[in-house]
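Note sheet for the following structure.
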Amino acid sequence: MAETRSTCPYCGVGCGVIIESDGTQISGVRGDPLHPANFGRLCSKGSTLHLTAAAPVTLRQRLLHPLRRPERGAAPQRLGWNEALSEAVDAFEGVIRRHGPDAVGFYLSGQLLTEDYYVFNKLAKGLVGTNNVDTNSRLCMSSAVAGYKATLGADAPPACYEDLAHARTLFIAGSNTAWAHPILMRRIEDAKRANPALRLIVVDPRRTETAALADLHLALQPGTDVALFHGLLHQMLWEGFTDNAYIAAHTSGFEALRSRVREFTLRETARITGLREADIVTAAKWFAGLDSGDGRRAPTLSLYCQGLNQSRNGTAKNAALINLHLACGQIGQPGAGPFSLTGQPNAMGGREVGGLSNLLSAHRDLANPAHRAEVARLWGVDDVPAQPGRTAVEMFEAAADGEIKALWIACTNPAQSLPDQATVRRALQRAEFVVVQEAFRDTATAAFADLLLPAASWGEKEGTVTNSERRISRVRAAVPAPGEARTDFSIATEFAQRLEARLRPGKPSLFPYAGPEAAWLEHRESTRGRDLDITGLSWAMLEGQGPQQWPLPEGATEGRQRLYEDGVFPTADGKAKFADLAYEPVAEPRDGRFPFSLNTGRLRDQWHGMSRTGVLGRLFGHVPEAAVELHPQEMARLKLAEGELVHVTSRRGSIVLPAVASEAVPLTQAFIPMHWGSEFVSGRSSRGEPLAGVNVLTSPTFCPISKQPELKHAAVKLLKA
Ligand code: SF4
């Protein structure tokens, strides 16, 4: 029996696992007691990884061979890798030569490893000459990226998991940590046991399992977080809770923000958010940490996730919360700081290599000519295009409009996960050539592929990932991939090598990698002198010393646990900037026609579109089927019995689901889990096209800064079926 150390492929906690196998079949998994993210613990999803991996390949619907669809709607036919990659190169070269590089798009995933991401990013920006490379991380973390950059100067979460044990107050906003990041919740419970004085404030419209544990639950009206955070700052100023010495020494821009929050009086904040004035007063006092009476400021740590990020006001929500930390000096010390929780296992790694349409390698900015020149020099190309690429929603809108003609989709399922599914379907139908690189055969997106390329999955590939606390861990292969499946890294690299032979014949290869470590070394060099400098790290060090946090520059013996302890920030003047951003209500307020606020989110035991967790019966024991949750009074008002079917309709379409009563959901609100797709939740677009899943309903409206769509809110109506 062999044992292989690796990392859980589900969420951004990034737990270490030990895979047991006989070298051909995975037979067991347990938590890695030496991994600093989880110290041996695993949640229900992580602890059943071996069962999902060991299920027969037919049950898991693994894609085993390259497949080509001779024409749209026809059954796909098997072909060899050589022929498949030749077809892909012919199609992409043809589109690039006829319509220009911006007529192709690459849509990737926070599930890819850092090395996979690196190759795809270089392929698009360095070889093809387009910035049309974006990922499902846009749906997850781009508001956190923009929030950090607008305030602290770099996309770098300053805190670490150990800070949970040092905090006096935890401020959890827009995160059901108990279900979405269960191992972190165990650490919060440990911290509470060790320090009964630890206080928990939870900001969430629903009374989630996390909110149920709170000392103070702020059940605000959907989308009103910025008003709450501005109101808390107003209250802190009124009470004299701010740290004026810290503001003067380490920040800029406070006066503009002070005048912005003047209008967010207690009464006005309570009116907008629907909260009690007394609760806002308590939250401001606890956050500021000056209520112990000994004159010392107790540390506050904020944890936040999709409730802030998936919003048309996502950047402002993130920045307004970080403003509170800066105003109270609650940053750069044990137990204090803003801490975004990453949804996916490697959204952080993707950001590090610049795998979004507005970013460049090692946290460089596409808009900065000096940064573009640096990356072009590192890659050995003449230049990197300046024109920002299409972000996730924009990329599919451009394909639906006929502007993007070839799409390469890797390790993600946009025909289920993007908002406004009617537009996504039109995009996939209108594109001239769609490549889907996937481990699973029957995803909703696979049905639109002209070419299906079988990819290796968890336990079958090598590389690295970075978790929420900037910690880089190794991912290792325990068994070979089934059938003819190849790793994402080798598929991307071979396609890139074949395409460069056409686009820049006779020139040295941009992709001369013997394996993922070679690409990682190139990425490592690109970080030299940057905020995430890892020039002191090596795969040998990860082997010998275990997972490491960045930065870890040349000469350092270990990574840095916490950032900004010296009060110096990565901005031009070394000071953090208060972001003066306005509160905007949700894109679709409730009205007479659509009187309910729809909230979408994650369940404890399922992951994304369920292509992995959906094969295991025991993971349906928690929640067996998709349903719309409503307050019991709303069920009674609509004359709905438990389990009765109901049409849920937004401006974009309608789905049919059983209704279930839940005291956790406030009046005039509805909650639907995000996981179920076409086999379970049928519906129609507003034009009558057959569609499925909750994203028939959701809105493509996005934050103007981060371009992250408002998946967390849509106005809907409910009608008994
Ligand atoms: Fe995996 Fe996240 Fe669960 Fe850890 S908390 S075992 S990373 S799903």
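Bear in mind these aren't lab numbers, they're just calculated from the coordinates by the rules spelled out. Quick caveat, the model's predicted, so the values are computed rather than measured. Cβ sites come from the backbone with ideal geometry, for glycine too, and all protein chains shown count toward neighbours.
Data table
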{"quantity": "Calculated from backbone phi, Karplus (6.51, -1.76, 1.60) coupling profile of the stretch 388-404 in Hz, x at Gly/Pro", "calculated": "x, x, 7, 7, 3, 5, 5, 4, 6, 5, 5, 5, 5, 8, x, 7, 9"}
{"quantity": "Rotationally averaged projected area of the stretch 574-721 (alpha carbon convex hull; nm²)", "calculated": "11.7"}
{"quantity": "Convex hull per residue volume in Å³, alpha carbons only, for the chain", "calculated": "147"}
{"quantity": "Stretchable slack from His622 to Arg528, in nm (0.36 nm times residue separation minus alpha-carbon distance)", "calculated": "29.2 nm"}
{"quantity": "Amide H contacts of Asn599 (H built 1.01 Å from N, under 5 Å, at least 5 apart or other chain)", "calculated": "Ala670, Phe671, Ile672"}
{"quantity": "Hits among lysines - C-alpha to C-alpha of Lys507 under 26 Å, sequence gap 8 or more where chains match", "calculated": "Lys122, Lys125"}
{"quantity": "Phi-based couplings in Hz for the stretch 162-168 (Karplus 6.51, -1.76, 1.60; Gly and Pro marked x)", "calculated": "4, 4, 4, 7, 9, 6, 9"}
{"quantity": "Alpha-carbon centroids, the stretch 558-586 and the stretch 452-491: separation in whole Å", "calculated": "33"}
{"quantity": "Sequence ranges 570-579, 404-413, ranked by mean other-Cβ count within 10 angstrom, highest first", "calculated": "404-413, 570-579"}
{"quantity": "Shape of the stretch 142-341, Cα gyration tensor, a/c cut at 1.5", "calculated": "rounded"}
{"quantity": "In nm, spacing of pseudo-spin labels at Glu263 and Arg98 (7 Å Cα→C-beta vector)", "calculated": "5.2"}
{"quantity": "For Thr265, distant residues with modelled amide H under 5 Å away", "calculated": "none"}
{"quantity": "Loop GluC sites (Glu not before Pro), the stretch 243-291 (other Cβ atoms within 10 Å of the site Cβ: 14 or fewer; DSSP)", "calculated": "Glu263"}
{"quantity": "Size of the stretch 2-54 as Cα extents on the principal axes (Å, biggest first)", "calculated": "28, 19, 13"}
{"quantity": "Under-5 Å amide H pairs with Ala664, H placed in peptide plane, nonlocal only", "calculated": "none"}
{"quantity": "Among the listed pairs Lys149/Lys575; Lys317/Lys712; Lys639/Lys717; Lys45/Lys192, those beyond 18 Å (Cα-Cα)", "calculated": "Lys45/Lys192"}
{"quantity": "Karplus (6.51, -1.76, 1.60) ³J(HN,Hα), θ = phi - 60°, over the stretch 279-294, in Hz, Gly and Pro reported as x", "calculated": "5, 5, 4, 4, 4, 4, 5, 5, 4, 5, x, 9, 8, 6, x, 9"}
{"quantity": "Ordering of 685-691, 416-422, 70-76, 124-130 by burial proxy (mean other Cβ atoms within 10 Å per residue, highest first)", "calculated": "416-422, 124-130, 685-691, 70-76"}
{"quantity": "Alpha-carbon centroid distance for the pair the stretch 596-671 / the stretch 135-192, whole angstrom", "calculated": "26"}
{"quantity": "Cα gyration tensor, the stretch 255-347 - rounded (a/c under 1.5), prolate or oblate", "calculated": "oblate"}
{"quantity": "Measure of compaction for the stretch 40-128 (Cα Rg per 2.2 N^0.38 Å)", "calculated": "1.49"}
